[in-house]
Amino acid sequence: MSDDTAQKKSPAAGREERVLEFWRKNGIFEKTLQKPAPRGEFVFYDGPPFANGLPHYGHLLASFIKDAIPRYKTMRGFRVPRRWGWDCHGLPVENLVEKELRLASRKDIELYGVDRFNEAARGSVMRFADEWREHIARIGRFVDMNNDYRTMDALYTESVWWAFKTLHLKGLIYEGFKPMHICPRCETTLSNFEVSQGYQEIKDVSVYVRFPLERDGSVFFLVWTTTPWTLPGNAALAVNPSVLYAQVKIGPNQYILAKERLSVIKDKYELVAEMSGRALVGEGYRPLFDYYENARIPGMENAFRVYAADFVTTGEGTGVVHIAPAFGEDDFKLGEEKRLPFIQHVSLNGRFKPEVRDFRGLPVKPKDDPQRTDRKIVEYLSDRLSLYASEEVAHPYPHCWRCATPLLNYAASSWFVKVTAIKNKLCAENKNINWVPPAIGK
């Protein structure tokens, strides 16, 4: 096949280009904005794309939909301004520049210079803007790309701050924590969709640890966890009030766990007693680490006790769950409900804080060897006779889709809109919206 034949356009393509040229030459899109609009203005919100990459199928498909609705509304007598925008913020831009500058960490960026890094990001963010303009025009979409806006422009940033300030003045802004996944390398949270992009099958260290009862140091709650690095942040234990628990004797010591989970005990044991989970609620125990035992953290008076929780199951583990409110959604909710101390012994960079003196500064989930720190904790627990058993488990684990670093389940500090205060108004307005399909709005 010759180059001329390969490059020859189909009749349909030629016809499309002639139509596009007619629209452009005669300013058809502009005329749709100038014509009378007896039904007023129809506001069209369009989430802006990044311009540091070429458009893909998803962008084009969404553009077809975004073009069809404003055209329809225009023909129905509305004026529909359509202003193009560029999303210039976020990690996609930063990660691209980091790779180009060969910067491996946040510390590298600081050494390089934040101002220089920002300038490089600004130069990179609009790299493919001309290609975008060509593609969007070619698919026939009516949109104003000449009077475009950029989220990095001061005017746009000020509009966001204005909205935040307005909500704050109405008493609708508050600071709090939300259990999310964070990337310790990028030092940022990820959305649920982003988390779902990066699961990998890995091998982790799981441990069975012994929490001694406060009233009797020879009796232990047997607890299983696949995240030994969270144990210094332990604030409570949880049991299912409806489950039957057993107390068994092995040598001079006794252990409490769900009767259904006695199979995890490999030693010969003697059944001493049985009790409901409800009977264990309120029992005190001694923590495995003393880093925060005397800390001035709100809720410490409620720490190191057993609480009832319906999310505790007997499908795996021991039926006794280690609760670290700063590292897990169920843990966080129970912590709020029972006013447990919020012990966050790991920084946003994924390293133990200074007060965790035996492991200070260590990354809890190193990218090159995710088990390395957990093995150190296992060794520590074993030396102090707090370890009953450890084993390796294989399971899918979320990784950062940008840099492949293992993520951490982490209650991140953030600002929130108090939606509960305006819930009734939102529900009332929702009834006035024409949802397509209708089930979306129900």
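Are any residues in the stretch 86-102 surrounded by fewer than 19 Cβ atoms within 10 Å (Cβ to Cβ), touching a residue at least 24 places away in the same chain (Cβ under 8 Å) and not in a loop (DSSP other than H, G, I, E, B), and if so, which ones? Steps first, answer last, please.
Taking the stretch 86-102 as the starting set, the residues that turn out to be surrounded by fewer than 19 Cβ atoms within 10 Å (Cβ to Cβ) are 87, 89-92, 95, 99-102.
Cutting the leftovers down to touching a residue at least 24 places away in the same chain (Cβ under 8 Å) gives us 87, 89-92, 95, 100.
Selection gives 91, 92, 95, 100.
Only one residue in 434, 424, 430, 409 is crowded, with 17+ Cβ neighbours inside 10 Å and either at pLDDT 95 or above or over 16 Å from residue 229 (Cα atoms) (or both). Which one?
Working: 434 fails: crowded, with 17+ Cβ neighbours inside 10 Å; 424 fails: crowded, with 17+ Cβ neighbours inside 10 Å; 430 fails: crowded, with 17+ Cβ neighbours inside 10 Å.
Checking each option against the conditions leaves just 409.
Which members of the stretch 360-369 meet the condition of being buried (at least 20 other Cβ atoms within 10 Å of the Cβ) and either part of a loop (DSSP other than H, G, I, E, B) or among the β-branched types (Val, Ile, Thr) (or both)?
Kept after step one, since they are buried (at least 20 other Cβ atoms within 10 Å of the Cβ), are these residues of the stretch 360-369: 363-365.
Scanning the stretch 360-369 gives 364, 365.
Can you name the condition, by its number, that residue 307 falls short on among (1) under 30 Å from residue 401 (Cα atoms); (2) crowded, with 17+ Cβ neighbours inside 10 Å; (3) modelled with pLDDT of 95 or more?
The failed condition is (1).
Being part of a loop (DSSP other than H, G, I, E, B), among the hydrophobic types (A, V, I, L, M, F, W, C) and over 23 Å from residue 160 (Cα atoms) is true for just one of 61, 54. Which residue is that?
Numbers: 61 fails: part of a loop (DSSP other than H, G, I, E, B).
Going through 61, 54 in turn, the sole match is 54.
When residue 225 is evaluated against the numbered criteria (1) over 30 Å from residue 239 (Cα atoms); (2) in contact with a Leu (Cβ under 8 Å, 6 or more places away or on another chain); (3) not acidic (Asp, Glu), which criterion, by number, is the only one it fails?
(1)
Go through (1) of a type in the set (Asp, Glu); (2) within 30 Å of residue 92 (Cβ to Cβ); (3) at pLDDT 95 or above for residue 369 and report which single condition fails.
Result: residue 369 fails condition (3) only.
Looking for something out of contact with any Lys or Arg (no Cβ under 7 Å at 6 or more places or on another chain), of a type outside the set (Asp, Glu) and free of Cβ contacts under 8 Å to residues at least 60 places away in the same chain - is there at least one such residue anywhere in the stretch 344-351?
no
Of all residues in the stretch 367-383, count the ones that are touching a Pro at 6+ places or on another chain (Cβ under 9 Å) and touching a residue at least 24 places away in the same chain (Cβ under 8 Å).
8
Is at least one residue of the stretch 392-400 under 25 Å from residue 220 (Cβ atoms) and either crowded, with 18+ Cβ neighbours inside 10 Å or at pLDDT 95 or above (or both)? Walk me through it before giving the result.
The initial filter retains those residues of the stretch 392-400 that are under 25 Å from residue 220 (Cβ atoms), namely 392-393.
Add one more test, that the residue is either crowded, with 18+ Cβ neighbours inside 10 Å or at pLDDT 95 or above (or both), and what stays is none.
No, that holds for no residue.
Name the residue that is surrounded by the most Cβ atoms within 10 Å (Cβ to Cβ), counting only residues in the stretch 165-195 that are aromatic (Phe, Trp, Tyr) and outside any helix (DSSP H, G or I). So that I can check it myself, show each step before the final result.
First, pick out the residues of the stretch 165-195 that are aromatic (Phe, Trp, Tyr): 174, 177, 193.
Now narrow it down to the ones that are outside any helix (DSSP H, G or I): 174, 177.
On the way: 174: 11, 177: 18.
Per the stated criteria, the residue is 177.
Quick check, is residue 105 at pLDDT below 90, surrounded by 15 or more Cβ atoms within 10 Å (Cβ to Cβ) and among the hydroxyl-bearing types (Ser, Thr, Tyr)? Show your work before the answer.
Working: at pLDDT below 90: yes; surrounded by 15 or more Cβ atoms within 10 Å (Cβ to Cβ): no; among the hydroxyl-bearing types (Ser, Thr, Tyr): yes.
No; evaluated as a whole, the condition is false for this residue.
Being more than 13 Å from residue 84 (Cα to Cα), among the basic types (Lys, Arg) and modelled with pLDDT of 90 or more is the filter here, so list the residues in the stretch 118-163 that pass it.
Correct list: 138 only.
Among (1) exposed (fewer than 14 other Cβ atoms within 10 Å of the Cβ); (2) not in a strand (DSSP E or B), there is one condition residue 415 misses while meeting the rest; what is its number?
Residue 415 satisfies all of (1) exposed (fewer than 14 other Cβ atoms within 10 Å of the Cβ); (2) not in a strand (DSSP E or B) except (2).
Quick one: is residue 48 surrounded by 15 or more Cβ atoms within 10 Å (Cβ to Cβ) and in contact (Cβ under 8 Å) with a residue 60 or more places away in the chain? Before the answer, list the steps.
Working: surrounded by 15 or more Cβ atoms within 10 Å (Cβ to Cβ): yes; in contact (Cβ under 8 Å) with a residue 60 or more places away in the chain: yes.
Here the answer is yes, as residue 48 does meet what is asked.
If you check 206, 196, 191, which single one turns out to be closer than 30 Å to residue 285 by Cα, within 24 Å of the chain's Cα centre (by Cα) and among the small types (Gly, Ala, Ser)?
None of the other options fit; the residue is 206.
If a residue must be without any contact (Cβ under 8 Å) to a residue 24 or more places away in the chain and farther than 28 Å from residue 260 by Cβ, how many such residues does the stretch 290-319 contain?
Step one: of the stretch 290-319, the residues without any contact (Cβ under 8 Å) to a residue 24 or more places away in the chain are 290, 293-294, 296, 301, 315.
So of that shortlist, the ones also farther than 28 Å from residue 260 by Cβ come out as 290, 293-294, 296, 301.
Residues that pass the stated criteria total 5.
Among all residue pairs at least 6 apart or on different chains, which show Cβ distances below 7 Å where the first residue, located in the stretch 56-76, is farther than 13 Å from residue 46 by Cα and the second is surrounded by 11 or more Cβ atoms within 10 Å (Cβ to Cβ) and of a type in the set (Val, Ile, Thr)?
That search, which allows pairs on different chains as well, returns 60/139; 73/80; 74/32; 74/80.
Please enumerate the residues belonging to the stretch 338-393 that are closer than 28 Å to residue 308 by Cβ and either of a type in the set (Phe, Trp, Tyr) or under 25 Å from the mean Cα position of the chain (by Cα) (or both).
338, 339, 340, 341, 342, 343, 344, 345, 346, 388, 393
Report whether or not residue 200 is under 30 Å from residue 401 (Cβ atoms) and either at pLDDT 95 or above or surrounded by fewer than 20 Cβ atoms within 10 Å (Cβ to Cβ) (or both). Spell out how you get there, then give the answer.
Details: under 30 Å from residue 401 (Cβ atoms): yes; either at pLDDT 95 or above or surrounded by fewer than 20 Cβ atoms within 10 Å (Cβ to Cβ) (or both): yes.
In short, yes.
The values are calculated or read from the model by the stated rules, or taken from the named source; none is laboratory data. Only a predicted model underlies this, so the values are computations on that prediction, with no experimental measurement involved. Counting neighbours? That spans all protein chains shown, and the Cβs are built from the backbone with ideal geometry, glycine included.
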